[in-house]
Amino acid sequence: MAVVFCDCGTAWLIDFLDGTQVNTTYRVGWGEGAGTAAKANTTLFSEVQARETGVTSQSAFNAMQWTATMTATAARSITNAGLFNNNSGTLLIKRDFATIALETNDRVSFTITLTST
């Protein structure tokens, strides 16, 4: 299992800091495909359903976090999730994990935290 701050997320952050990107509505998505998250990833593995808006909070002086609750619209086998800078935008953070088996209307809350060390 891996969690990564993707290369495209790093590029987006630099653009945000230099003013060429603006603050946005962050979205969380999930996928069903197999694989290990890598910095070079630009998408989730087999993303399914619409992304949900992430509620943003500052969990510590050096950490931002986004939380979104997603509801399965069908039976799902979720294996990865990620944070995007908008509904159709750049993948910032990605995590893969052991399969979460869901039935229709099951809900999962994802919390994604970016910590600077």
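Laid out as a table, the results:
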| read-out | value |
| --- | --- |
| Only listed residue being in contact with a Ser or Thr (Cβ under 8 Å, 6 or more places away or on another chain) and of a type in the set (D, E, K, R), chosen from D18, D96 | D96 |
| Condition met for A38 (surrounded by fewer than 16 Cβ atoms within 10 Å (Cβ to Cβ), within 15 Å of M1 (Cβ to Cβ), in contact (Cβ under 8 Å) with a residue 24 or more places away in the chain and small (G, A, S)) | yes |
| Out of V28, V55, V22, sole residue that is under 14 Å from S109 (Cα atoms), out of contact with any His (no Cβ under 8 Å at 6 or more places or on another chain) and open to solvent by 70 Å² or more (accessible area, probe 1.4 Å) | V55 |
| Which listed residue is part of a loop (DSSP other than H, G, I, E, B) and of a type in the set (V, I, T), from T36, T10, T56 | T36 |
| Every residue from the range 79-106 that is farther than 12 Å from W30 by Cα and of a type in the set (K, R) | none |
| Failed condition for F61, given (1) touching a Ser or Thr at 6+ places or on another chain (Cβ under 8 Å); (2) of a type outside the set (D, E); (3) free of Cβ contacts under 8 Å to residues at least 24 places away in the same chain | (1) |
| Selection status of L102, at pLDDT 90 or above, of a type in the set (A, V, I, L, M, F, W, C) and under 11 Å from the mean Cα position of the chain (by Cα) | no |
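The values are calculated or read from the model by the stated rules, or taken from the named source; none is laboratory data. This one's a predicted model, so the numbers in the text were calculated from it and none came from an experiment. Using ideal geometry, Cβ is built from the backbone for each residue, glycine included, and neighbour counts are taken over all protein chains shown. The accessibility values were calculated without ligands, DNA or RNA, using every heavy atom of the protein model including side chains. Shrake-Rupley method; radii C 1.70, N 1.55, O 1.52, S 1.80 Å.
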